Structures are given as structure tokens and as C-alpha cells.
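S.K.: First the structure, then my questions, so here it is.
The values are calculated or read from the model by the stated rules, or taken from the named source; none is laboratory data. Nothing here was measured: the structure is a model prediction, and the numbers come from that model. Quick reminder, even Gly has a Cβ in these numbers, built from the backbone with ideal geometry, and neighbours come from all protein chains shown. Remember, those area values only see protein heavy atoms, side chains included, never the ligands or the DNA or RNA. Shrake-Rupley method; radii C 1.70, N 1.55, O 1.52, S 1.80 Å.
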Amino acid sequence: RDLFSPLRWQSEDARDPATRPPGARGSSERSFAMRARQAGAGPPKKLTIKPLRAAPTLPPDFEATTWSKLGAAVAAVHDKQPVGFSLEELYRAVEDLCMHKLAP
């Protein structure tokens, strides 16, 4: 029989780790992992997010350089030329302009 057929998993020999497909775990392995997590781990650790000590500031020429970068990208698209910036970089530039309320 095929190792990956659904009927194989309903039979007794499917509990043998050697016959299971890679990555599949049996119920005993799952319960062992759960007990190990519950036994010695204690309460889950809390994640504390602290505010920044100093507010981040924009470079003085941020608005001008960002608008020129976006203008160059639009001009390249209109001229059917390759854009010199990645789409992620352009998206981030637009996002930063909007977040800092520098967009029209």
C-alpha cells in the first residue's frame, strides 16, 4: 500500500514512526510535547514594549529627496524605462510621506 494513502493512517502500523511520512507526529509525541510545555515552563513570559527614549526625527531634506525619488520613478514609467528603485522602496517612501503628513 501507499504510505500517503488515508487508509494507511487508520491502520495499526501507522503508529510506527518508521512508516510515517516525514514531519508527521503521532498522538504520543504530541502529548509528550504538551506535558513538557505545561510541566516545567510555568506561566508564559510577558512581552514588555517600552516607548522610545527620544522621538525619531526626519532628516532635513527628507521631503525633497523622497518627492524627487517618486518623481523619477513616475517619469521612468511614462518613458517606458526601468525604474531605478525597488517597489518596496517606493512603497515605503509613500508610506513615510503619509505617516508624517507630508503628502498633499
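S.K.: Output the number of the condition that LYS46 fails; it satisfies all remaining conditions of (1) open to solvent by 100 Å² or more (accessible area, probe 1.4 Å); (2) closer than 15 Å to ALA103 by Cβ.
M.R.: (2)
S.K.: Continuing with this model, one more query. Taking segment 95-104 on its own, how many of its residues are in a helix (DSSP H, G or I) and surrounded by 13 or more Cβ atoms within 10 Å (Cβ to Cβ)? Walk me through it before giving the result.
M.R.: Narrowing segment 95-104 to residues in a helix (DSSP H, G or I): 95-99.
Keeping just the survivors that are surrounded by 13 or more Cβ atoms within 10 Å (Cβ to Cβ) gives 96-97.
Summing the residues that are in a helix (DSSP H, G or I) and surrounded by 13 or more Cβ atoms within 10 Å (Cβ to Cβ) in segment 95-104 gives 2.
S.K.: Need pairs with beta-carbon distance below 8 Å; first residue free of Cβ contacts under 8 Å to residues at least 60 places away in the same chain and within segment 83-104, second in a helix (DSSP H, G or I) and open to solvent by 70 Å² or more (accessible area, probe 1.4 Å); sequence gap 6+ or separate chains.
M.R.: Close Cβ pairs satisfying both conditions: VAL83/VAL77; LEU97/GLU63; LEU97/TRP67; LEU102/GLU63.
S.K.: Hey, ARG20 hits all of (1) assigned to a helix (DSSP H, G or I); (2) open to solvent by less than 70 Å² (accessible area, probe 1.4 Å); (3) modelled with pLDDT under 65 but one; which does it fall short on?
M.R.: The single condition ARG20 does not satisfy is (1).
S.K.: Report, by residue number, each residue of segment 63-91 that is open to solvent by less than 50 Å² (accessible area, probe 1.4 Å) and polar (S, T, N, Q).
M.R.: THR66
S.K.: Of everything in segment 49-62, what is open to solvent by less than 100 Å² (accessible area, probe 1.4 Å) and of a type outside the set (A, V, I, L, M, F, W, C)? Give them in sequence order.
M.R.: From segment 49-62, those open to solvent by less than 100 Å² (accessible area, probe 1.4 Å) are 54-55, 58-59, 61-62; that's our starting set.
PRO59, ASP61 - these are the residues of segment 49-62 that are open to solvent by less than 100 Å² (accessible area, probe 1.4 Å) and of a type outside the set (A, V, I, L, M, F, W, C).
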